[in-house]
Ligand SMILES: [Zn+2]
Ligand SMILES: [Zn+2]
């Protein structure tokens with residue numbers, strides 16, 4: 001089994017602390033004895049290029065991103081490390097509804113190298129929507145060998161349950177992220193077709209101390225099986 005935290009924001013997300021650097025995140029995960037992490041910034045994978053170097057020998061990872069749809073639903077996308085980050089970034093860049101970041105109001109959007117030196121700062125505000133529907137985003141994720149998970153599905157903001165008041169069976173989602181384990185039962189009671197989805201409880205950490213304790217686990221078979229079942 002793997003202890004996981006698959007929803008962590010680096011300092012590239014405007015709402016995150018500036019000390020959410022690659023080394024700080026990886027070392028915190030290592031200290032907490034997590035087995036696998038995903039850094040999931042809003043609408044960008046630009047922080048992930050140096051993650052393999054930093055994570056090596058300390059923690060497993062998948063590539064991740066938290067995408068905001070036109071309807072303001074957050075969808076987590078996960079990709080295996082053979083996926084080309086440039087392709088993902090190009091897609092995000094072409095659909096992000098553009099507005100300049102006001103760093104004094106929203107915070108900085110820093111990009112680091114493997115030594116945690118700031119090598120760039122994203123100037124477009126990343127907490128905007130892509131000009132695509134939930135369905136179009138899920139389809140794009142699947143066209144690029146990714147796994148799609150509804151982020152914080154029951155939360156008051158930016159969640160599928162809040163925006164759509166339900167989870168449509170026709171949406172081809174792979175997993176559901178919840179914030180409390182009792183939500184799994186509640187949702188399956190209402191929507192029995194969710195029974196065989198993958199269920200996750202991650203931290204949505206925006207500060208180092210918010211990164212998960214080793215509490216929630218998934219087997220390697222169930223996790224990587226998400227890709228095997230869909231893509232063979
Ligand atoms: Zn979110
Ligand atoms: Zn988040």
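No lab work stands behind these numbers, since they all come straight from the coordinates. Here the structure is a predicted model, which means the values were calculated and not measured. Virtual Cβ from ideal backbone geometry, glycine too; neighbours counted across all protein chains shown.
Expressed in nm², what is the orientationally averaged projection area of the convex hull enclosing the Cα positions of region 124-196?
The orientation-averaged projected area of the Cα hull of region 124-196 comes to 5.6 nm².
For every helix of n ≥ 4 consecutive DSSP H residues, a contribution of -39,500 (n - 2.57) applies; sum these over the chain, divide by its total residues, and give [θ] at 222 nm rounded to the nearest 500 deg cm²/dmol.
Per the formula, -7500 deg cm²/dmol.
Quick check: the distance between the Cα centres of region 1-46 and region 102-158, to the nearest angstrom?
Centre-to-centre distance over Cα atoms comes out at 13 Å.
Normalised by the residues of the chain, what does the relative contact order come to in percent, with Cα pairs under 8 Å and at least six apart?
Rounded, it is 25 percent for the chain.
Counting DSSP beta bridges in the chain, what percent are antiparallel, to the nearest 5?
60
When DSSP assigns beta bridges and you keep just the ones with both residues in region 1-115, what percent turn out antiparallel, to the nearest 5?
Percentage antiparallel, nearest 5: 50.
Given the C-alpha centroids of region 49-96 and region 176-190, what is the distance between them in whole angstrom?
Centre-to-centre distance over Cα atoms comes out at 25 Å.
Per the Cauchy relation, a quarter of the hull surface: what is the mean projected area of the convex hull of the alpha carbons in region 57-99, in nm²?
Mean projected area for region 57-99: 4.1 nm², to one decimal.
Per the Debye formula with a single identical scatterer at each Cα and no solvent contribution, what log10 I(q)/I(0) holds for the chain at q = 0.10, 0.16, 0.17 Å⁻¹?
Result of the Debye calculation: -0.41, -1.14, -1.31.
What FRET efficiency would be calculated for the residue pair residue 80, residue 190, taking the C-beta separation as r and a Förster radius of 35 Å, to the nearest 0.05?
Efficiency, rounded to the nearest 0.05: 0.65.
Taking every pair of alpha-carbon atoms in region 68-190, give the share separated by more than 25 Å as a whole percent.
33
Binning at 10 angstrom from zero up to the longest distance, how are the C-alpha pair distances of region 157-213 distributed in percent?
20, 51, 23, 6
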